[in-house]
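Written below as structure tokens is the structure these notes are about.
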Amino acid sequence: RNGQDSFARRHGTAAAWHGLGQVILPGESVDDWIRKAGLDYDVVKVPALAALGASNQFEDMPESFASVVPNRFWLTRKDTKHVMGNAVTDIYQIVQPRVGLHFFDDMVRADDRWNLDTAGVLKLGESVFATATYQDTKTVGGDAHIIRVLFVTTYDGSGSTIIQGTATRVVCMNTLRM
């Protein structure tokens, strides 16, 4: 997408993605963050199918013949039907984008020295992220450092749900990888 629907940042912070993204004004709720950052979709597990007929390996099967792959599921965006990444098993637990951001926001709001700073969706929904920033800088070795915490979860098999400290303000895939 173009950044307008997939990234949001707190009012008063530096613009990212060449000035793209939605600005979150003071007093806006976590639900506003979810909507403006594009995290307002659900992920569902659908049975994985093997298109055996389309493979041309079986002479006696119609082209449309498919077989369910046991204990394998595709993670799919419910709104767009976009299939994301690798197949998962039945034990995989989905952390919905909005549930993850609500949890992260609750954690951050436990201490009023933290503020949500960025949130967004990468690729076509395969990854979602958010960062929070501590209001004070810390000086280490004479250099001032901004303290941040990162929330990220993926739906393409590239990672799990994590919350960790970071020095990077995540605004895109490049900064997420740093």
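The values are calculated or read from the model by the stated rules, or taken from the named source; none is laboratory data. What you see is a predicted model; the values in this text were computed from it and never measured. Heads up, the Cβs are rebuilt from the backbone with ideal geometry, glycines too, and the neighbour counts pull from every protein chain shown. Note: areas computed on protein heavy atoms with side chains; ligands, DNA, RNA excluded. Shrake-Rupley method; radii C 1.70, N 1.55, O 1.52, S 1.80 Å.
Here are the numbers for the structure shown:
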| quantity | calculated |
| --- | --- |
| Filtered residue count, segment 143-169, keeping only those that are under 22 Å from L75 (Cβ atoms), open to solvent by less than 40 Å² (accessible area, probe 1.4 Å) and touching a residue at least 40 places away in the same chain (Cβ under 8 Å) | 5 |
| Selection count, segment 150-172, where residues are assigned to a strand (DSSP E or B) and at pLDDT below 85 | 1 |
| Enumeration of residues in segment 111-123 that are open to solvent by less than 90 Å² (accessible area, probe 1.4 Å) and in a loop (DSSP other than H, G, I, E, B) | D111 |
| Qualifying residue in segment 129-141 (condition: modelled with pLDDT of 85 or more and under 11 Å from the mean Cα position of the chain (by Cα)) | yes |
| Members of segment 76-100 found to be among the acidic types (D, E) and open to solvent by less than 80 Å² (accessible area, probe 1.4 Å), listed by number | none |
| Candidates D136, D105 - the one that is touching a helix residue (DSSP H, G or I) at 6+ places or on another chain (Cβ under 6 Å) and either farther than 17 Å from I163 by Cβ or not in a strand (DSSP E or B) (or both) | D105 |
